[in-house]
1. Looking at the P(r) of the chain, how many percent of alpha-carbon pairs lie beyond 23 Å?
2. Using θ = phi - 60° and the Karplus form 6.51 cos²θ - 1.76 cosθ + 1.60, what ³J(HN,Hα) does each residue of the stretch 97-109 get, whole Hz, x for Gly and Pro?
3. Carbon and sulfur: what percent of the stretch 11-115's accessible surface (1.4 Å probe)?
4. Near LYS75, which lysines are there with a Cα under 24 Å away, not counting those fewer than 8 places off in the same chain?
5. Considering amide H positions built from the backbone, and no H for Pro or chain starts, which residues 5 or more places from VAL48, or on another chain, come under 5 Å of its amide H?
6. Roll a 1.4 Å probe over the protein chains and send me the accessible area per residue for the chain in Å².
7. Could you run the Karplus curve 6.51 cos²θ - 1.76 cosθ + 1.60 with θ = phi - 60° over the stretch 13-30 and give me ³J(HN,Hα) per residue in whole Hz, x for Gly and Pro?
8. For the ranges 23-33, 91-101, 52-62, what's the packing order if you count other beta-carbon atoms within 10 Å of each residue, average per peptide, and put the highest first?
Amino acid sequence: QVQLVESGGGLVQPGGSLRLSCQASGSIFRLYVMGWYRQAPGKQRELVAIITPVGGTHYADAMKGRFTISRDNAKNTVYLQMNSLKPEDTATYYCNAKGLSDTAWGQGTQVTVSP
């Protein structure tokens, strides 16, 4: 079973940037589809972006052109570079790993976009 630990969240002004990291351990990272999701207060968890084992990516429409997901299989880490942040991007961001027989979530990292 893979374990995930996110980092990199914080407070940023509108228009600013943050890079989230998700460190994986306990399984064969390169075999997993990795994803970032987010959940704002009072809202359902939603997809931000996913990246396949070979680097194919998919983004939610609201993040296209602003967010970039990437992975470093040698470091067992997936990243989310977030640029041009907006107040509506404020949420807890969760890392997800999806394998053939298991799925795991990290504990989440808070991102707050505010003047």
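The values are calculated or read from the model by the stated rules, or taken from the named source; none is laboratory data. From a predicted model like this one, the values you see are computed outputs, not experimental measurements. Cβ atoms come from the backbone with ideal geometry, glycine included; neighbour counts cover every protein chain shown. Areas reflect the complete protein model, heavy atoms only, side chains present, ligands, DNA and RNA absent. Shrake-Rupley method; radii C 1.70, N 1.55, O 1.52, S 1.80 Å.
1. On the way: 1446 of 6555 pairs.
That fraction is 22 percent.
2. Ordered by residue, 3J(HN,Hα) equals 10, 10, x, 5, 10, 8, 9, 9, 10, x, 7, x, 9 Hz.
3. Numbers: 2800 of 5500 Å².
Heavy-atom surface of the stretch 11-115 belonging to carbon and sulfur, 1.4 Å probe: 51 percent.
4. Those lysines meeting the cut-off are LYS98.
5. TRP36, TYR37, ARG38
6. On the way: 5990 Å² over 115 residues.
Dividing the accessible area of the chain by its residue count gives 52 Å².
7. Taking θ as phi minus 60°, the curve returns 7, x, x, x, 10, 9, 10, 8, 10, 9, 9, 10, 8, x, 7, 8, 3, 5 Hz for the stretch 13-30.
8. On the way: 23-33: 16.4, 91-101: 17.9, 52-62: 12.2.
In decreasing order of mean packing, 23-33, 91-101, 52-62 become 91-101, 23-33, 52-62.
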